[in-house]
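As structure tokens, the structure follows; a few thoughts come after it.
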Amino acid sequence: MSKVCKSQEEIANEAIKHALKALKKRHLLEEAAHAPAFQALSRPFAFQGSEWKEKAENLQVELQQCYKAQSRLSEQLVVEVAESRVSKALVQEKETAIGDLQKELTEVREESSQLRLDLEQKIKELEVIVSENSELKSQLEQMTSKAKNAEAENKMLIDRWMLEKMKDAERLNEANALYEDMVQRLRASGLEQLARQQVDGIVRRSEEGSQVFLESNIPSTCKYRLNAHEGGCAAIFFEYNSSKLVTGGQDRSVKVWDTNTGSLSSNLHGCLGSVLDLTITHDNRSVIAASSSNNLYVWDLNSGRVRHTLTGHTDKVCAVDVSKVSSRHVVSAAYDRTIKVWDLVKGYCTNTIIFHSNCNALSFSMDGLTIFSGHVDGNLRLWDIQTGKLLSEVAGHSLAVTSISLSRNGNVVLTSGRDNLHNLFDVRSLEVCGTLRAAGNRVASNWSRSCISPDDNHVAAGSADGSVYIWSISKGDIVSTLKEHTSSVLSCRWSGTGKPLASADKNGIVCLWT
């Protein structure tokens, strides 16, 4: 293509040169032809006629026309040269574009061949995957069949296991009934002897596992100040017939303290939320914590391991208590408007009570058949644990109930409320038999816990100003105000042996008072 273009350009140049030579030759010829005329005209002669003059003028006009034709040809030649150059540039551009298109065509062909190879490879891989998928489907069908068989076998084993557990439970109930009958006989036979057996204000029961009664002293001195938990401590509980105190806090830990030395005995881990309430079984074997993670956690105190995680609530669990008759039954309340009864032997919920008002605090009755619950609407309610039916209801406070505490003899129940009142109810009539108040006493939260002393003579309650107020139940007056905390006191608990009194605040500090 380039050779053709070069030959055309050479032809054009030769044509231009030839035209110029022809013009020059014609010009020279014309000059030679007109030279004698010019010479003759230039000579002076006498008889120069008009004819010669006219011929000269015509020749001059013709010469001018030749010059004009020559100029037009020159202009035309320049235009043709310019057009030739433009054509040459266009030809070069076309050649460049043709070269680029040829390269692009080559690349596209190579890419097409590569894509064809990739497509063949993908098709082969797809065939392999389809074959593997068919094999996996067959394996899945086999595994599904095995799983169904295993599930049926597992269900059969669970049924057999539950049957055996029910048999064991029946045997245990029979043994407990026999044991309780023997205890009742021992109580009846040794009642007079037990009534006379009184030393240093201490009266004991003879059967194993019984509680120790000690006359409570009015505390006045902070013996130990424990940095128990980070972020606050709202749950404390003493072991039965022991000086050990169990605390739970916002740092998701449960700790056991020796109140005689103020030292940490053990740390229970595994809780996934803040501890809002605590209780301990009467055999001191298990600790049960209500948590903001919507679960309850049951630890074995001897091993420190989580024995059960009781799930079923859909909001934070704020209250928990264990039966005073059997360590098997536990009751809990959460902000999902439910109260649940749990069986610790089986590890699951046996009954659920649904009510429109959230429950902040609850407690078992002494016979283990009734549940006392304090609600956000300020009412105190009694429930049948077996049927879940509401037995009775009384307006206890104008604002939310925050705490429920049962007296040692089971005849009086103490309720505290956000109206800053502490009411004492006669369990038999549900009538208010006493109201305790103080000018500076302000209940700090919806889960502020107050308590009754073991001898049923005093009430202790914390305040938002960091004070602990102690009232005399018989007089209805304040007998002591304890000041050591620097933040709101959230919980108070008296040891079952009469001393010490423990109090916990919003900073996680626990004070032991004697």
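The values are calculated or read from the model by the stated rules, or taken from the named source; none is laboratory data. Everything quoted here is computed from the prediction, not taken from an experiment. Ideal geometry is used to build each Cβ from the backbone, glycine not excepted, and the neighbour counts take in all protein chains shown. Surface areas here come from the heavy atoms of the whole protein model, side chains and all, with no ligands, DNA or RNA. Shrake-Rupley method; radii C 1.70, N 1.55, O 1.52, S 1.80 Å.
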| Qualifying strands (runs of 3 or more DSSP E) (wholly inside segment 222-317; at least 3 residues being touching a residue at least 60 places away in the same chain (Cβ under 8 Å)) | 222-227, 233-238, 244-249
| Going through segment 214-253 one residue at a time, which ones are under 13 Å from residue 274 (Cβ atoms), small (Gly, Ala, Ser) and open to solvent by 30 Å² or more (accessible area, probe 1.4 Å)? | 231
| note | Within segment 79-97, restricting to residues that are of a type in the set (Val, Ile, Thr) and surrounded by 11 or more Cβ atoms within 10 Å (Cβ to Cβ), the one that is modelled with the highest pLDDT is 91
| request: Taking residue 141 as the residue in question, decide whether it is within 30 Å of residue 344 (Cα to Cα) and free of Cβ contacts under 8 Å to residues at least 40 places away in the same chain. | output: no
| request: Determine, yes or no, whether residue 499 is more than 27 Å from residue 359 (Cβ to Cβ) and surrounded by fewer than 17 Cβ atoms within 10 Å (Cβ to Cβ). | output: no
| note | Picked from segment 99-108 (must be open to solvent by less than 90 Å² (accessible area, probe 1.4 Å) and not charged (D, E, K, R)), the residue farthest from residue 21 (Cα to Cα) is 108
| message | Restricting to segment 318-346, count the residues that are part of a loop (DSSP other than H, G, I, E, B) and of a type in the set (Ser, Thr, Tyr). | response | 4
| When both residues are 6+ apart or on different chains and their Cβ atoms are under 9 Å apart, which pairs have a first residue that lies in segment 89-114 and is part of a helix (DSSP H, G or I), and a second that is surrounded by 10 or more Cβ atoms within 10 Å (Cβ to Cβ) and among the aromatic types (Phe, Trp, Tyr)? | none
| request: Report yes if some residue within segment 146-158 is at pLDDT below 85, open to solvent by 90 Å² or more (accessible area, probe 1.4 Å) and not β-branched (Val, Ile, Thr); otherwise report no. | output: yes
| request: May I ask you to say which residue of 482, 490 is assigned to a strand (DSSP E or B), surrounded by fewer than 24 Cβ atoms within 10 Å (Cβ to Cβ), under 43 Å from the mean Cα position of the chain (by Cα) and not β-branched (Val, Ile, Thr)? | output: 482
| Extreme residue, surrounded by the most Cβ atoms within 10 Å (Cβ to Cβ), among residues of segment 299-325 that are over 23 Å from residue 374 (Cβ atoms) and either touching a Phe, Trp or Tyr at 6+ places or on another chain (Cβ under 9 Å) or among the polar types (S, T, N, Q) (or both) | 308
| Can you tell me which residues in segment 331-349 are within 16 Å of residue 287 (Cα to Cα) and either of a type outside the set (Val, Ile, Thr) or at pLDDT below 95 (or both)? | 332, 342, 343, 344, 345, 347
